[in-house]
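Q: Just dropping this structure here.
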Amino acid sequence: MKHLMIALALATAPGMALATGPAAVYDMTQELSNKLATEALSVCHGMNRQGVVAVVDRGGNLVSLMRDDNVGPHNTQAAWRKAFTALSTKTPTKQFTRKAQSSPDTVNLNTVNELLLLGGGVPIKYRGQWIGAIGMAGTGGAESDDRCGTEAINKIIGESEQQK
C-alpha cells in the first residue's frame, strides 16, 4: 500500500508542476481608464456639478486624471488619494471611512499618508480581480463624488462584472 501511494504521488507530480505557471492577470488599461474618467465627469455634469477624477491601476499608479475648469487645486490630490485608498483597502472609501471612525483600533488610519478617509473612492473589480480604482473630488461632497464614480464603473465595466 505504501509503495502504491508513493507511485501515485510521483505519477501526479509532473502534472502539478505544470499548473504552477504564470497567472492570468487583468489590469487597468489607458483606454479603459480614459473611458471611466470621461464617464465619471459626464455623470457629474448631468448633476450640474464639476470635479476631478483620478483612475489608478492595480498597483495604485495613476493612469488617468481629468479635471474640470475652476475646480480647486487641492481636489486633484484628493481624487488620487481616494482612488488609492479604495484600491488599497478594496473598499469604497465612503464605507471604509465609516468603519474606521467606528472603532478605536482603526480611527488612526487617517495618519497613514496616502490614505484619505473621505467618500468618493471606489475600487474596480473585473472577473474576480481588483484591477484599479476611481476617485472623485470637488463635486460638492462625498455623496456626489461617490455617485459619479460608481455610476461610471457600472456603465463602463458593468455591475455584473463587479460582482464576480
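What follows is calculated from the coordinates using simple rules that are stated; it is not laboratory data. Being a predicted model, the structure only gives us computed values, none of them experimental. Quick reminder, even Gly has a Cβ in these numbers, built from the backbone with ideal geometry, and neighbours come from all protein chains shown.
Q: What shape does segment 61-164 have by the C-alpha gyration tensor, where a ≥ b ≥ c are the square roots of the eigenvalues, rounded means a/c under 1.5, and otherwise prolate means a/b greater than b/c and oblate the rest?
A: In terms of gyration-tensor shape, oblate.
Q: Within 10 Å, count the other beta carbons around each residue, average over each peptide in 109-115, 51-57, and list them highest first.
A: 51-57, 109-115
Q: Let me ask another. Given a cut-off of 21 Å, name the pairs among LYS35/LYS125; LYS35/LYS99; LYS35/LYS94 whose C-alpha atoms lie farther apart than that in the structure shown.
A: LYS35/LYS99; LYS35/LYS94
Q: Run the quick spin-label model on LYS99 and GLU114: label points 7 Å from Cα toward the beta carbon, then report their separation in nm to one decimal.
A: Simple spin-label model gives 1.8 nm for this pair.
Q: Let me ask you something else. To the nearest Å, what is the center-to-center distance of segment 29-59 and segment 134-148, using C-alpha atoms only?
A: 11
Q: Once label points are set 7 Å from the Cα along Cα→Cβ at both VAL107 and ASN61, what is their separation, rounded to one decimal in nm?
A: 3.9
Q: Under 1.5 on a/c is rounded, so check that first for segment 105-164, then, if it is not, pick prolate when a/b is larger than b/c and oblate when it is not; a ≥ b ≥ c are the square roots of the alpha carbon gyration tensor eigenvalues.
A: oblate
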